[in-house]
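**Q** The structure under discussion is supplied below as structure tokens; questions concerning it will follow.
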Amino acid sequence: MARSNDLNWPNLVTVVSVLILIGTEVFGVAFAAGWAIAGLFELGDTISYALMALFTALGLYAMIRLWRLSVLAEPIRGS
């Protein structure tokens, strides 16, 4: 008999795998976009790092939203 706090391992593996896959893409794009925009407009290193930080913060927000929506679709706790 499954308890309500038992982990649903297949769903947990699915959610973590999706977050790893999407997370590498999101954060890669965040760094590349900050570097590219600053380089395109010749804004300097400080603005480049600031843009990277801004885009990374937006990416982190997107990843948190993805986690919450993924857990709704694939519950990781047993019923």
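The values are calculated or read from the model by the stated rules, or taken from the named source; none is laboratory data. Please read all numbers here as calculations on a predicted model, not as lab measurements. Counting neighbours? That spans all protein chains shown, and the Cβs are built from the backbone with ideal geometry, glycine included.
**Q** Mind telling me which of the residues A50, A33 ends up being aliphatic (A, V, I, L, M), at pLDDT 95 or above and within 30 Å of V71 (Cα to Cα)? Spell out how you get there, then give the answer.
**A** Working: A50 fails: within 30 Å of V71 (Cα to Cα).
When all the criteria are applied, what remains is A33.
**Q** Take the conditions in a helix (DSSP H, G or I) and under 11 Å from the mean Cα position of the chain (by Cα) and apply them to I64. Does it pass?
**A** Spelling it out, I64 is indeed in a helix (DSSP H, G or I) and under 11 Å from the mean Cα position of the chain (by Cα).
**Q** Then there is this: Considering only the stretch 1-52, how many residues are touching a residue at least 24 places away in the same chain (Cβ under 8 Å) and either of a type outside the set (D, E) or farther than 30 Å from A73 by Cβ (or both)?
**A** Here the count works out to 19.
**Q** Could you check the stretch 3-35 and list, in sequence order, the residues that are in contact with a strand residue (DSSP E or B) (Cβ under 8 Å, 6 or more places away or on another chain) and surrounded by 15 or more Cβ atoms within 10 Å (Cβ to Cβ)?
**A** Within the stretch 3-35, the first condition is being in contact with a strand residue (DSSP E or B) (Cβ under 8 Å, 6 or more places away or on another chain), and the residues that meet it are 4-8.
Listed by number, the list holds a single entry, N8.
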